[in-house]
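A short worksheet on the structure shown next.
The values are calculated or read from the model by the stated rules, or taken from the named source; none is laboratory data. Being a predicted model, the structure only gives us computed values, none of them experimental. When we count neighbours, we look across all protein chains shown, and the Cβ atoms used for this are built from the backbone with ideal geometry, even at glycine. Remember, those area values only see protein heavy atoms, side chains included, never the ligands or the DNA or RNA. Shrake-Rupley method; radii C 1.70, N 1.55, O 1.52, S 1.80 Å.
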Amino acid sequence: MLSSMMQRPLLISSLLEHAAHWHGDTEIVSRTVESGTDYQVHRYTYADALRRCKQLANAMSRLGVKRGERIGTLAWNGYRHFELYYGVSGMGAVIHTINPRLFPEQIAYIANHAEDQYLCFDLTFAPLVEKLAPSLPGVKGFIAMTDRAHMPAINVPNLLCYEDLLSAESDQLVWPAFDETTPSSLCYTSGTTGNPKGVMYSHRSTLIHTYGVMSPDAFCLSSRDVVLPVVPMFHVNAWGLPYVCAAAGAKMVMPGAALDGASLHRLFEEEGVTMSAGVPTVWMGLLNYVKSNNLKFSTFKETVIGGSACPPAMIESFERDFGVTVVHAWGMSEMSPLGTMCRLKAKHLKLSPTEQFAIKIKQGRAVFGVELKIVDGDGKALPHDGKAFGDLMVRGPWIVDQYFKEERSALRDGWFATGDVATIDADGFMQITDRSKDVIKSGGEWISSIDLENIAVAHPSVMEAGVIGVAHPKWDERPLLIVVKKQGAEISREEMLKFFEGKIAKWWMPDDVVFVDQLPHTATGKLLKTKMREEFKGYKLPTA
Ligand code: AMP
(Lines give C-alpha, C1' and ligand atoms only; values in the text may rest on other atoms or scores of the structure.)
Protein backbone atom coordinates (compact mmCIF):
# COMPACT_ATOMS: atom_id res chain seq x y z
CA MET A 1 0.00 0.00 0.00
CA LEU A 2 1.29 3.51 -0.79
CA SER A 3 1.03 6.56 1.41
CA SER A 4 -0.81 9.66 0.27
CA MET A 5 2.21 11.89 0.62
CA MET A 6 4.43 13.57 -1.98
CA GLN A 7 7.79 12.01 -2.71
CA ARG A 8 9.86 15.20 -2.70
CA PRO A 9 13.56 14.45 -2.17
CA LEU A 10 15.35 16.22 0.70
CA LEU A 11 17.87 18.35 -1.20
CA ILE A 12 20.33 20.99 0.00
CA SER A 13 19.33 23.41 -2.78
CA SER A 14 15.87 23.66 -1.17
CA LEU A 15 17.40 25.23 1.97
CA LEU A 16 18.81 28.20 0.09
CA GLU A 17 15.72 28.53 -2.12
CA HIS A 18 13.68 28.75 1.09
CA ALA A 19 15.99 31.37 2.62
CA ALA A 20 16.06 33.45 -0.58
CA HIS A 21 12.28 33.38 -1.02
CA TRP A 22 11.11 33.88 2.53
CA HIS A 23 14.07 35.67 4.10
CA GLY A 24 15.39 37.30 0.95
CA ASP A 25 16.49 40.50 2.67
CA THR A 26 18.20 38.78 5.61
CA GLU A 27 21.91 39.48 5.58
CA ILE A 28 25.02 37.37 5.31
CA VAL A 29 27.93 39.44 6.58
CA SER A 30 31.54 38.34 6.13
CA ARG A 31 34.80 39.80 7.28
CA THR A 32 36.79 39.84 4.03
CA VAL A 33 40.00 37.90 3.62
CA GLU A 34 41.37 40.39 1.07
CA SER A 35 41.43 43.24 3.58
CA GLY A 36 43.90 41.39 5.84
CA THR A 37 44.11 43.07 9.23
CA ASP A 38 41.93 46.03 8.13
CA TYR A 39 38.38 45.70 9.36
CA GLN A 40 36.25 45.35 6.24
CA VAL A 41 33.05 43.42 5.82
CA HIS A 42 31.17 42.18 2.77
CA ARG A 43 27.41 42.37 3.10
CA TYR A 44 24.69 40.84 1.00
CA THR A 45 21.43 38.93 1.38
CA TYR A 46 20.15 35.38 0.99
CA ALA A 47 18.52 36.52 -2.29
CA ASP A 48 21.93 37.73 -3.58
CA ALA A 49 23.57 34.51 -2.37
CA LEU A 50 21.08 32.38 -4.30
CA ARG A 51 21.83 34.23 -7.55
CA ARG A 52 25.56 33.82 -7.09
CA CYS A 53 25.24 30.15 -6.11
CA LYS A 54 23.41 29.57 -9.39
CA GLN A 55 26.20 31.36 -11.28
CA LEU A 56 28.71 29.18 -9.46
CA ALA A 57 26.81 25.99 -10.29
CA ASN A 58 26.72 27.07 -13.96
CA ALA A 59 30.46 27.78 -13.81
CA MET A 60 31.15 24.33 -12.33
CA SER A 61 29.14 22.70 -15.12
CA ARG A 62 31.11 24.68 -17.69
CA LEU A 63 34.34 23.44 -16.09
CA GLY A 64 33.03 19.93 -16.71
CA VAL A 65 32.31 19.00 -13.08
CA LYS A 66 30.00 16.00 -12.97
CA ARG A 67 27.57 14.74 -10.36
CA GLY A 68 29.38 13.05 -7.48
CA GLU A 69 32.76 14.62 -8.26
CA ARG A 70 34.61 16.33 -5.43
CA ILE A 71 35.58 20.00 -5.24
CA GLY A 72 38.11 20.73 -2.50
CA THR A 73 38.15 23.92 -0.43
CA LEU A 74 40.81 25.49 1.75
CA ALA A 75 38.87 28.40 3.12
CA TRP A 76 37.69 30.37 6.14
CA ASN A 77 34.10 31.12 7.08
CA GLY A 78 32.95 33.62 4.47
CA TYR A 79 30.37 34.23 1.77
CA ARG A 80 32.29 32.58 -1.05
CA HIS A 81 32.76 29.43 1.01
CA PHE A 82 29.02 29.57 1.76
CA GLU A 83 28.36 29.79 -2.00
CA LEU A 84 30.52 26.73 -2.60
CA TYR A 85 28.48 24.83 -0.02
CA TYR A 86 25.31 25.46 -2.01
CA GLY A 87 26.53 25.83 -5.59
CA VAL A 88 28.59 22.63 -5.57
CA SER A 89 26.17 20.41 -3.62
CA GLY A 90 23.17 21.97 -5.36
CA MET A 91 24.37 20.84 -8.78
CA GLY A 92 24.95 17.32 -7.46
CA ALA A 93 28.72 17.48 -6.95
CA VAL A 94 30.42 17.14 -3.54
CA ILE A 95 32.09 19.91 -1.56
CA HIS A 96 35.16 18.58 0.21
CA THR A 97 36.17 21.00 2.94
CA ILE A 98 39.81 20.55 3.95
CA ASN A 99 41.24 21.68 7.26
CA PRO A 100 44.15 24.01 6.37
CA ARG A 101 45.71 23.46 9.80
CA LEU A 102 46.65 19.90 8.87
CA PHE A 103 50.21 19.18 7.79
CA PRO A 104 50.70 19.72 4.02
CA GLU A 105 51.39 15.99 3.57
CA GLN A 106 48.04 15.18 5.20
CA ILE A 107 46.25 17.72 3.00
CA ALA A 108 47.82 16.19 -0.11
CA TYR A 109 46.83 12.71 1.07
CA ILE A 110 43.24 13.83 1.67
CA ALA A 111 42.85 15.74 -1.62
CA ASN A 112 44.27 12.80 -3.57
CA HIS A 113 42.21 10.24 -1.70
CA ALA A 114 39.07 12.31 -2.36
CA GLU A 115 40.13 12.74 -6.02
CA ASP A 116 39.37 16.45 -5.85
CA GLN A 117 38.82 17.84 -9.35
CA TYR A 118 39.32 21.51 -8.46
CA LEU A 119 40.72 23.14 -5.35
CA CYS A 120 39.18 26.45 -4.24
CA PHE A 121 41.23 28.51 -1.79
CA ASP A 122 41.18 31.74 0.18
CA LEU A 123 44.14 34.07 -0.40
CA THR A 124 45.62 33.21 3.00
CA PHE A 125 46.35 29.75 1.64
CA ALA A 126 47.94 30.78 -1.68
CA PRO A 127 51.48 29.91 -0.49
CA LEU A 128 50.22 26.57 0.86
CA VAL A 129 48.49 25.80 -2.44
CA GLU A 130 51.64 26.63 -4.40
CA LYS A 131 53.56 24.21 -2.20
CA LEU A 132 50.90 21.50 -2.49
CA ALA A 133 50.25 21.74 -6.25
CA PRO A 134 53.06 19.41 -7.40
CA SER A 135 51.70 16.64 -5.17
CA LEU A 136 48.14 17.00 -6.50
CA PRO A 137 48.33 15.58 -10.02
CA GLY A 138 44.57 14.92 -10.22
CA VAL A 139 43.53 18.53 -9.57
CA LYS A 140 42.50 20.11 -12.88
CA GLY A 141 42.59 23.70 -11.66
CA PHE A 142 43.12 25.91 -8.63
CA ILE A 143 40.41 28.50 -8.02
CA ALA A 144 41.47 31.58 -6.03
CA MET A 145 38.41 32.75 -4.08
CA THR A 146 38.85 36.41 -4.95
CA ASP A 147 38.42 38.97 -7.74
CA ARG A 148 40.81 39.74 -10.61
CA ALA A 149 42.42 42.66 -8.73
CA HIS A 150 43.55 40.43 -5.87
CA MET A 151 44.75 37.39 -7.81
CA PRO A 152 47.82 35.90 -6.10
CA ALA A 153 51.09 35.67 -8.00
CA ILE A 154 51.65 31.96 -7.53
CA ASN A 155 52.92 29.30 -9.82
CA VAL A 156 50.28 26.57 -10.08
CA PRO A 157 48.83 24.91 -13.17
CA ASN A 158 45.51 26.38 -14.38
CA LEU A 159 45.05 29.15 -11.79
CA LEU A 160 41.46 30.44 -12.04
CA CYS A 161 39.71 33.47 -10.58
CA TYR A 162 36.48 32.78 -8.67
CA GLU A 163 34.83 36.11 -9.53
CA ASP A 164 35.72 35.79 -13.22
CA LEU A 165 34.15 32.34 -13.30
CA LEU A 166 30.94 33.68 -11.76
CA SER A 167 30.65 36.84 -13.83
CA ALA A 168 30.82 34.81 -17.04
CA GLU A 169 27.65 32.91 -16.08
CA SER A 170 23.92 33.45 -15.97
CA ASP A 171 22.15 33.45 -12.60
CA GLN A 172 19.32 31.42 -14.07
CA LEU A 173 19.19 27.77 -13.13
CA VAL A 174 16.64 25.24 -12.05
CA TRP A 175 18.41 23.10 -9.49
CA PRO A 176 18.57 19.51 -10.68
CA ALA A 177 16.42 16.98 -8.81
CA PHE A 178 18.07 13.71 -7.85
CA ASP A 179 17.90 11.03 -5.21
CA GLU A 180 18.23 12.43 -1.70
CA THR A 181 20.85 9.83 -0.81
CA THR A 182 23.24 11.44 -3.33
CA PRO A 183 26.52 12.49 -1.63
CA SER A 184 26.74 16.22 -0.89
CA SER A 185 29.80 16.94 1.22
CA LEU A 186 32.91 15.21 2.46
CA CYS A 187 34.97 15.76 5.63
CA TYR A 188 37.96 13.82 6.85
CA THR A 189 38.26 13.04 10.54
CA SER A 190 41.17 14.59 12.36
CA GLY A 191 42.31 11.13 13.50
CA THR A 192 45.32 11.35 15.79
CA THR A 193 46.81 8.13 14.43
CA GLY A 194 46.89 6.64 10.95
CA ASN A 195 45.57 8.32 7.85
CA PRO A 196 42.48 10.52 8.08
CA LYS A 197 39.22 8.84 7.13
CA GLY A 198 36.50 10.42 5.00
CA VAL A 199 32.88 10.78 6.03
CA MET A 200 30.61 11.35 3.05
CA TYR A 201 27.38 13.09 4.02
CA SER A 202 24.28 12.93 1.81
CA HIS A 203 21.59 15.49 1.00
CA ARG A 204 19.20 13.43 3.11
CA SER A 205 21.49 13.12 6.14
CA THR A 206 22.28 16.84 5.94
CA LEU A 207 18.64 17.91 5.81
CA ILE A 208 17.52 15.65 8.63
CA HIS A 209 20.49 16.86 10.69
CA THR A 210 19.42 20.44 9.90
CA TYR A 211 15.97 19.87 11.40
CA GLY A 212 17.60 18.29 14.45
CA VAL A 213 20.12 21.09 15.01
CA MET A 214 17.50 23.81 14.59
CA SER A 215 15.08 22.28 17.14
CA PRO A 216 14.41 24.00 20.48
CA ASP A 217 16.33 21.65 22.77
CA ALA A 218 19.26 21.76 20.33
CA PHE A 219 20.48 25.08 18.85
CA CYS A 220 16.98 26.60 19.00
CA LEU A 221 17.56 28.82 15.97
CA SER A 222 15.02 31.15 14.39
CA SER A 223 14.75 34.06 11.97
CA ARG A 224 15.27 36.38 14.96
CA ASP A 225 18.80 35.13 15.51
CA VAL A 226 22.08 36.59 14.34
CA VAL A 227 24.52 33.70 14.24
CA LEU A 228 28.29 33.90 14.20
CA PRO A 229 29.75 30.46 13.58
CA VAL A 230 33.24 30.60 15.06
CA VAL A 231 33.51 26.90 14.37
CA PRO A 232 35.15 26.70 10.96
CA MET A 233 33.34 25.63 7.81
CA PHE A 234 36.22 23.17 7.35
CA HIS A 235 35.32 21.39 10.59
CA VAL A 236 32.26 19.15 10.05
CA ASN A 237 30.45 21.77 7.97
CA ALA A 238 30.64 24.33 10.81
CA TRP A 239 28.42 21.95 12.80
CA GLY A 240 25.79 22.32 10.09
CA LEU A 241 25.23 26.04 10.67
CA PRO A 242 25.41 27.17 7.01
CA TYR A 243 22.45 24.86 6.37
CA VAL A 244 20.62 25.51 9.62
CA CYS A 245 20.81 29.32 9.33
CA ALA A 246 19.32 29.15 5.83
CA ALA A 247 16.52 26.85 7.02
CA ALA A 248 15.76 29.19 9.92
CA GLY A 249 16.30 32.41 7.95
CA ALA A 250 18.81 33.60 10.54
CA LYS A 251 21.31 36.35 9.75
CA MET A 252 24.81 34.92 9.36
CA VAL A 253 28.00 36.67 10.41
CA MET A 254 31.28 35.11 9.35
CA PRO A 255 34.67 36.06 10.75
CA GLY A 256 36.96 35.08 7.86
CA ALA A 257 40.55 34.68 9.00
CA ALA A 258 40.20 37.11 11.93
CA LEU A 259 39.66 34.80 14.90
CA ASP A 260 41.50 36.88 17.52
CA GLY A 261 39.58 38.28 20.50
CA ALA A 262 39.54 41.90 19.29
CA SER A 263 38.23 41.08 15.81
CA LEU A 264 35.59 38.70 17.06
CA HIS A 265 34.37 41.07 19.76
CA ARG A 266 34.02 43.91 17.25
CA LEU A 267 32.03 41.70 14.86
CA PHE A 268 29.76 40.51 17.70
CA GLU A 269 29.00 44.10 18.66
CA GLU A 270 28.70 45.71 15.22
CA GLU A 271 26.47 43.01 13.76
CA GLY A 272 24.32 42.39 16.85
CA VAL A 273 25.26 38.73 17.17
CA THR A 274 22.88 36.81 19.46
CA MET A 275 24.23 33.30 19.10
CA SER A 276 27.51 31.58 18.40
CA ALA A 277 29.23 28.21 18.44
CA GLY A 278 32.79 27.02 18.78
CA VAL A 279 35.39 24.89 20.54
CA PRO A 280 36.67 25.82 24.03
CA THR A 281 40.14 26.92 22.83
CA VAL A 282 38.71 29.78 20.74
CA TRP A 283 36.47 30.96 23.56
CA MET A 284 39.46 30.92 25.90
CA GLY A 285 41.09 33.58 23.69
CA LEU A 286 37.93 35.68 23.37
CA LEU A 287 37.13 35.55 27.09
CA ASN A 288 40.67 36.59 28.01
CA TYR A 289 40.55 39.52 25.59
CA VAL A 290 37.13 40.72 26.74
CA LYS A 291 38.03 40.43 30.42
CA SER A 292 41.41 42.09 30.18
CA ASN A 293 39.90 45.03 28.24
CA ASN A 294 36.90 45.40 30.54
CA LEU A 295 34.46 44.87 27.70
CA LYS A 296 30.94 43.44 27.66
CA PHE A 297 28.63 41.92 25.08
CA SER A 298 25.45 43.86 24.34
CA THR A 299 23.47 41.40 22.19
CA PHE A 300 25.24 38.04 22.62
CA LYS A 301 22.87 35.76 24.57
CA GLU A 302 23.89 32.15 24.03
CA THR A 303 26.76 30.05 22.78
CA VAL A 304 27.10 26.39 22.00
CA ILE A 305 30.44 24.93 23.10
CA GLY A 306 31.66 21.50 22.08
CA GLY A 307 34.30 19.65 20.10
CA SER A 308 36.10 18.92 23.35
CA ALA A 309 34.93 19.08 26.95
CA CYS A 310 33.89 22.59 27.94
CA PRO A 311 35.54 23.33 31.30
CA PRO A 312 32.91 24.19 33.95
CA ALA A 313 34.95 27.32 34.77
CA MET A 314 34.27 28.58 31.24
CA ILE A 315 30.53 27.99 31.53
CA GLU A 316 30.56 29.83 34.85
CA SER A 317 32.54 32.79 33.54
CA PHE A 318 30.39 33.25 30.43
CA GLU A 319 27.24 33.21 32.54
CA ARG A 320 28.43 35.16 35.60
CA ASP A 321 30.63 37.77 33.94
CA PHE A 322 28.78 38.30 30.66
CA GLY A 323 25.23 36.95 31.01
CA VAL A 324 25.85 34.57 28.08
CA THR A 325 24.29 31.12 28.46
CA VAL A 326 26.55 28.24 27.49
CA VAL A 327 24.96 25.14 26.02
CA HIS A 328 27.37 22.24 26.13
CA ALA A 329 27.23 19.97 23.07
CA TRP A 330 28.85 16.74 22.00
CA GLY A 331 29.27 15.18 18.60
CA MET A 332 31.78 14.01 16.05
CA SER A 333 32.59 14.16 12.34
CA GLU A 334 31.00 10.74 11.95
CA MET A 335 27.75 12.22 13.31
CA SER A 336 27.38 15.29 11.04
CA PRO A 337 28.30 16.22 13.95
CA LEU A 338 25.50 16.73 16.48
CA GLY A 339 24.83 14.04 19.09
CA THR A 340 23.76 15.63 22.36
CA MET A 341 23.05 19.05 23.80
CA CYS A 342 22.70 20.08 27.38
CA ARG A 343 19.51 22.00 28.09
CA LEU A 344 17.66 21.57 31.36
CA LYS A 345 14.26 19.88 31.52
CA ALA A 346 11.23 21.57 33.10
CA LYS A 347 11.71 19.69 36.38
CA HIS A 348 15.23 21.08 36.72
CA LEU A 349 14.12 24.70 36.64
CA LYS A 350 13.20 24.61 40.33
CA LEU A 351 16.62 23.34 41.36
CA SER A 352 19.17 25.63 42.98
CA PRO A 353 21.75 27.27 40.67
CA THR A 354 24.41 24.88 42.05
CA GLU A 355 22.27 21.83 41.30
CA GLN A 356 21.48 23.16 37.83
CA PHE A 357 25.15 23.80 37.20
CA ALA A 358 25.98 20.17 38.02
CA ILE A 359 23.72 19.19 35.11
CA LYS A 360 24.83 21.93 32.71
CA ILE A 361 28.44 20.76 32.72
CA LYS A 362 27.40 17.41 31.23
CA GLN A 363 27.41 16.86 27.46
CA GLY A 364 23.62 16.56 27.48
CA ARG A 365 20.70 14.62 26.10
CA ALA A 366 20.34 12.94 22.71
CA VAL A 367 18.83 15.17 20.05
CA PHE A 368 15.89 13.46 18.35
CA GLY A 369 17.42 11.45 15.51
CA VAL A 370 20.30 10.13 17.60
CA GLU A 371 20.04 6.93 19.64
CA LEU A 372 22.62 6.47 22.41
CA LYS A 373 23.67 3.63 24.64
CA ILE A 374 26.63 2.73 26.83
CA VAL A 375 27.95 -0.82 26.85
CA ASP A 376 30.50 -2.85 28.75
CA GLY A 377 33.39 -4.82 27.21
CA ASP A 378 31.00 -7.61 26.15
CA GLY A 379 28.62 -5.23 24.44
CA LYS A 380 26.03 -5.49 27.24
CA ALA A 381 23.99 -2.32 27.80
CA LEU A 382 24.82 -0.53 31.08
CA PRO A 383 22.28 1.19 33.35
CA HIS A 384 21.42 4.88 33.10
CA ASP A 385 22.33 5.72 36.67
CA GLY A 386 24.91 8.45 36.08
CA LYS A 387 27.59 6.18 37.61
CA ALA A 388 28.15 3.18 35.33
CA PHE A 389 30.45 4.15 32.51
CA GLY A 390 31.09 2.31 29.29
CA ASP A 391 31.68 2.62 25.55
CA LEU A 392 29.30 5.11 23.99
CA MET A 393 27.47 3.71 20.96
CA VAL A 394 25.24 5.68 18.58
CA ARG A 395 22.98 5.15 15.59
CA GLY A 396 20.73 7.31 13.46
CA PRO A 397 20.08 8.70 9.98
CA TRP A 398 22.90 11.28 10.14
CA ILE A 399 25.54 8.89 11.51
CA VAL A 400 28.23 7.24 9.36
CA ASP A 401 27.82 3.65 8.22
CA GLN A 402 31.09 3.18 6.40
CA TYR A 403 34.00 5.50 5.77
CA PHE A 404 34.54 6.85 2.28
CA LYS A 405 36.08 4.25 -0.05
CA GLU A 406 36.23 1.61 2.69
CA GLU A 407 34.81 -1.76 1.83
CA ARG A 408 33.43 -2.63 5.23
CA SER A 409 30.83 -1.03 7.41
CA ALA A 410 32.26 0.71 10.49
CA LEU A 411 29.32 -0.51 12.58
CA ARG A 412 29.15 -3.13 15.31
CA ASP A 413 25.72 -4.82 15.41
CA GLY A 414 24.25 -1.80 13.69
CA TRP A 415 25.78 0.73 16.11
CA PHE A 416 28.74 3.07 15.68
CA ALA A 417 31.31 2.91 18.48
CA THR A 418 32.26 6.52 19.18
CA GLY A 419 35.51 5.73 21.00
CA ASP A 420 34.24 7.82 23.90
CA VAL A 421 33.57 6.51 27.39
CA ALA A 422 30.52 7.98 29.09
CA THR A 423 27.85 7.80 31.78
CA ILE A 424 24.14 8.43 31.21
CA ASP A 425 21.94 9.50 34.13
CA ALA A 426 18.31 8.66 34.83
CA ASP A 427 17.16 11.81 33.00
CA GLY A 428 19.18 10.83 29.91
CA PHE A 429 22.02 13.34 30.41
CA MET A 430 25.22 11.89 28.99
CA GLN A 431 28.62 12.81 30.37
CA ILE A 432 31.86 12.00 28.61
CA THR A 433 34.40 10.50 31.00
CA ASP A 434 37.15 10.40 28.41
CA ARG A 435 38.23 9.17 25.02
CA SER A 436 38.74 5.44 25.64
CA LYS A 437 42.39 5.88 24.65
CA ASP A 438 42.93 8.76 27.08
CA VAL A 439 41.34 7.38 30.22
CA ILE A 440 44.00 6.66 32.89
CA LYS A 441 44.02 3.08 34.07
CA SER A 442 45.29 3.01 37.63
CA GLY A 443 45.29 -0.30 39.54
CA GLY A 444 42.40 -1.66 37.45
CA GLU A 445 40.28 1.46 38.03
CA TRP A 446 39.72 4.37 35.66
CA ILE A 447 40.57 8.02 36.23
CA SER A 448 38.98 10.61 33.95
CA SER A 449 41.58 12.93 32.46
CA ILE A 450 38.81 15.37 31.52
CA ASP A 451 37.65 15.71 35.15
CA LEU A 452 41.18 16.49 36.31
CA GLU A 453 41.73 19.00 33.49
CA ASN A 454 38.44 20.74 34.29
CA ILE A 455 39.51 21.22 37.91
CA ALA A 456 42.96 22.50 36.97
CA VAL A 457 41.66 25.17 34.56
CA ALA A 458 39.33 26.49 37.24
CA HIS A 459 42.44 27.79 39.06
CA PRO A 460 42.87 31.50 38.33
CA SER A 461 46.55 31.09 37.41
CA VAL A 462 45.97 28.31 34.88
CA MET A 463 45.49 29.01 31.21
CA GLU A 464 45.26 25.43 29.96
CA ALA A 465 45.89 21.96 31.38
CA GLY A 466 46.23 18.45 30.07
CA VAL A 467 46.39 15.17 31.98
CA ILE A 468 47.94 11.96 30.68
CA GLY A 469 48.63 8.55 32.15
CA VAL A 470 52.31 7.81 32.75
CA ALA A 471 53.62 4.28 33.33
CA HIS A 472 53.90 3.34 37.00
CA PRO A 473 55.51 0.13 38.34
CA LYS A 474 52.79 -0.54 40.90
CA TRP A 475 49.59 1.00 39.45
CA ASP A 476 50.21 0.52 35.68
CA GLU A 477 49.45 4.20 35.07
CA ARG A 478 49.18 7.32 37.17
CA PRO A 479 48.04 10.81 36.18
CA LEU A 480 50.55 13.51 35.26
CA LEU A 481 49.20 17.06 35.13
CA ILE A 482 50.75 19.34 32.51
CA VAL A 483 49.95 23.02 32.96
CA VAL A 484 50.27 26.23 30.94
CA LYS A 485 50.18 29.21 33.31
CA LYS A 486 48.35 32.42 32.48
CA GLN A 487 50.67 35.21 31.37
CA GLY A 488 52.36 36.76 34.41
CA ALA A 489 50.72 34.29 36.83
CA GLU A 490 52.65 32.24 39.37
CA ILE A 491 51.69 28.93 40.90
CA SER A 492 53.79 26.15 42.42
CA ARG A 493 53.42 22.39 42.08
CA GLU A 494 52.22 22.17 45.70
CA GLU A 495 49.63 24.95 45.30
CA MET A 496 48.33 23.27 42.19
CA LEU A 497 47.92 19.91 43.89
CA LYS A 498 46.34 21.50 46.96
CA PHE A 499 43.69 22.94 44.65
CA PHE A 500 42.49 19.38 43.93
CA GLU A 501 42.00 18.50 47.61
CA GLY A 502 38.37 17.85 48.47
CA LYS A 503 37.36 17.95 44.82
CA ILE A 504 38.32 14.38 43.90
CA ALA A 505 38.87 10.96 45.47
CA LYS A 506 42.38 10.85 46.98
CA TRP A 507 43.57 8.18 44.55
CA TRP A 508 42.71 10.45 41.60
CA MET A 509 45.31 13.02 42.76
CA PRO A 510 47.89 13.63 39.98
CA ASP A 511 51.26 12.17 40.95
CA ASP A 512 53.12 15.15 39.57
CA VAL A 513 52.74 18.55 37.90
CA VAL A 514 54.84 19.87 35.02
CA PHE A 515 54.67 23.46 33.80
CA VAL A 516 55.13 24.07 30.06
CA ASP A 517 54.85 27.07 27.71
CA GLN A 518 52.25 25.46 25.48
CA LEU A 519 50.35 22.24 24.86
CA PRO A 520 50.06 20.51 21.48
CA HIS A 521 46.68 20.68 19.71
CA THR A 522 45.06 18.82 16.85
CA ALA A 523 44.00 20.69 13.71
CA THR A 524 40.56 21.10 15.26
CA GLY A 525 41.77 22.56 18.55
CA LYS A 526 41.67 19.47 20.78
CA LEU A 527 44.55 18.56 23.06
CA LEU A 528 46.84 16.22 21.15
CA LYS A 529 47.20 13.53 23.80
CA THR A 530 49.27 11.18 21.60
CA LYS A 531 51.95 13.87 21.28
CA MET A 532 51.83 14.61 25.01
CA ARG A 533 52.23 10.92 25.81
CA GLU A 534 55.14 10.71 23.39
CA GLU A 535 56.83 13.75 24.94
CA PHE A 536 56.48 12.39 28.45
CA LYS A 537 57.23 8.78 27.61
CA GLY A 538 59.58 7.44 30.27
CA TYR A 539 58.81 10.40 32.58
CA LYS A 540 59.78 9.38 36.09
CA LEU A 541 57.00 10.10 38.55
CA PRO A 542 58.13 10.92 42.12
CA THR A 543 55.86 8.10 43.33
CA ALA A 544 57.40 5.46 41.05
P1 AMP B 1 35.75 15.33 15.74
O2 AMP B 1 35.27 14.24 14.88
O3 AMP B 1 37.07 15.88 15.33
O4 AMP B 1 34.72 16.39 15.88
O5 AMP B 1 35.99 14.72 17.19
C6 AMP B 1 34.97 14.06 17.88
C7 AMP B 1 35.41 13.77 19.29
O8 AMP B 1 35.62 14.98 20.02
C9 AMP B 1 34.40 13.02 20.12
O10 AMP B 1 34.40 11.65 19.86
C11 AMP B 1 34.84 13.36 21.53
O12 AMP B 1 35.92 12.56 21.96
C13 AMP B 1 35.33 14.78 21.39
N14 AMP B 1 34.27 15.71 21.82
C15 AMP B 1 33.43 16.41 21.06
N16 AMP B 1 32.63 17.19 21.81
C17 AMP B 1 32.97 16.95 23.10
C18 AMP B 1 32.51 17.43 24.37
N19 AMP B 1 31.55 18.34 24.48
N20 AMP B 1 33.10 16.92 25.48
C21 AMP B 1 34.09 16.01 25.40
N22 AMP B 1 34.57 15.54 24.24
C23 AMP B 1 34.02 16.00 23.11
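Annotations for the structure displayed:
- Of the peptides 511-520, 142-151, 398-407, the order by per-residue mean of other Cβ atoms within 10 Å, starting with the highest, comes out as 142-151, 398-407, 511-520.
- Dipole magnitude of the chain about its Cα centre (Cβ charges: Lys, Arg +1; Asp, Glu -1), debye to nearest 20: 420 debye
- Cα centroid separation, region 1-59 to region 317-365 (Å): 30 Å
- Sorting 201-207, 523-529 by average packing, meaning the other beta carbons within 10 Å per residue, from highest down gives 201-207, 523-529.
- Shape of region 440-535, Cα gyration tensor, a/c cut at 1.5: oblate
- With the whole protein complex present, Trp76 retains an accessible surface near 30 Å², based on a 1.4 Å probe.
- Among 162-173, 341-352, 52-63, the order from most to least packed when residues are scored by Cβ within 10 Å on average: 52-63, 162-173, 341-352
- Listed residue (Gly92, Phe219, Met5) projecting farthest to the positive dipole end of the chain, Cβ model: Met5
- For the pair Arg62 and Tyr539, a Förster radius of 60 Å applied to the C-beta separation gives a FRET efficiency near 0.55, rounded to the nearest 0.05.
- Debye, to nearest 20: dipole size of region 95-208, +1 on Lys, Arg Cβ, -1 on Asp, Glu Cβ: 400 debye
- Sorting Asp434, Asp25, Asp260, Asp376 by solvent-accessible area of protein heavy atoms yields Asp25, Asp260, Asp376, Asp434, largest first, with a 1.4 Å probe.
- Apportionment of accessible area to carbon and sulfur, region 206-293, percent (1.4 Å): 55 percent
- Sparsely packed loop sites in region 261-301 (the trypsin sites (Lys or Arg not before Pro) outside DSSP H, G, I, E and B with at most 16 other Cβ atoms within 10 Å) comprise Lys296, Lys301.
- Positive minus negative residues near Arg148 (Lys, Arg vs Asp, Glu; Cβ under 15 Å): -3
- For region 467-472, the Karplus equation 6.51 cos²θ - 1.76 cosθ + 1.60, evaluated at θ = phi - 60°, returns couplings of 10, 10, x, 10, 4, 9 Hz by residue, with Gly and Pro reported as x.
- Size of charge dipole - region 440-535 - debye, nearest 20, with Cβ of Lys, Arg +1 and Asp, Glu -1, no other charges: 140 debye
- Rolled with a 1.4 Å probe across the full set of protein chains, the surface gives Phe499 an accessible area near 50 Å².
- When only Cα pairs below 8 angstrom with a gap of at least 6 residues are kept, the chain shows a relative contact order of 10 percent.
- Taking Cβ atoms as reference points and 14 Å as the exclusive limit, the residues near Phe322 contribute a net charge of -1, counting Lys and Arg as +1 and Asp and Glu as -1.
- Given charges at Cβ of Lys, Arg, Asp, Glu: region 327-404 dipole, positive-most of Ala388, His328, Val375: His328
- Net charge of neighbours whose Cβ lies under 10 Å from the Cβ of Gln172, counting Lys and Arg as +1 and Asp and Glu as -1: 0
- In the context of the full set of protein chains, residues of region 363-435 present 49 Å² of accessible surface per residue (probe radius 1.4 Å, heavy atoms only).
- Between the alpha-carbon centres of region 520-540 and region 409-475 there is a gap of 15 Å.
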